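Structure first, commentary second.
Read-outs: derived from the displayed coordinates by stated rules, not from any lab. Please read these numbers as outputs of a predicted model, since none were measured by experiment. Positions of Cβ are generated from backbone atoms using ideal geometry, with glycine treated the same way; all protein chains shown enter the neighbour counts.
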Amino acid sequence: MPTPEGTLPWRPLLDALDLVAPSIAEAARAGALPSARVAPIDATLADTEAFCAAYDVALESSANCIVVQARRGETTTVAAVLVLATDRADINKTVRKHLGARKITFAAHEDTEAAAGMESGGITPVGLPEEWPILVDQHVVDAGPVVIGGGVRGSKILVPGVELATLPSAEVLALTLD
């Protein structure tokens, strides 16, 4: 039966910073996500469904980070949106209105990778640029331990959902479609 831990060899994040993107390692050294654990994975299995199936991780214990660009006039806000893999974020209504935008789009992978210093398929809310709001869905906070990206396709991080709410720039909201 799938669990949040699955079959992975989890280790404390601070003991294996070489497995994650440099910005995540820096954030962890500064005290972010003190209970987090990390595990290496096959980079070809980084996409959520393939990852969960291969490592017996519960889909409802996996969280996806989506990066959006919200525009109003000449102002563009880049934000990270974190929802459970079993949920759909209400990007066009809830997220757009919360960010005060007239138009919202998914950020281009190349732009996100360059700004975040992370790989697509491993983007995570930890270690993102300080000016980016991090919108965490309430279901993520309530889920208990959740698996998020490691900033690279070759690792995953297991962290209590409540710790994600403590990240700088994090706001907890009801972000999903019913």
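Distant-in-sequence amide contacts of Leu167, defined by a placed amide H-H separation under 5 Å and a gap of 5 or more residues or a different chain, comprise nothing.
Values (1) 41; (2) 32; (3) 22 are given for comparison; percent of Cα pairs over 26 Å apart, derived from the coordinates here, is the one labelled (3). One Cα centroid belongs to the stretch 115-140, the other to the stretch 28-90; the line between them spans 7 Å. The ranking of Phe51, Phe106 by Cβ neighbour count inside 10 Å, starting from the fewest, reads Phe106, Phe51.
Counting neighbouring beta carbons within 10 Å and listing from fewest to most, the residues Ile41, Ile134 come out as Ile134, Ile41.
How do Arg153, Arg102 rank when sorted from fewest to most other Cβ atoms within 10 Å of their own Cβ? Present the calculation step by step, with values, prior to reporting the outcome.
Details: Arg153 20, Arg102 9.
The order, fewest Cβ neighbours first, is Arg102, Arg153.
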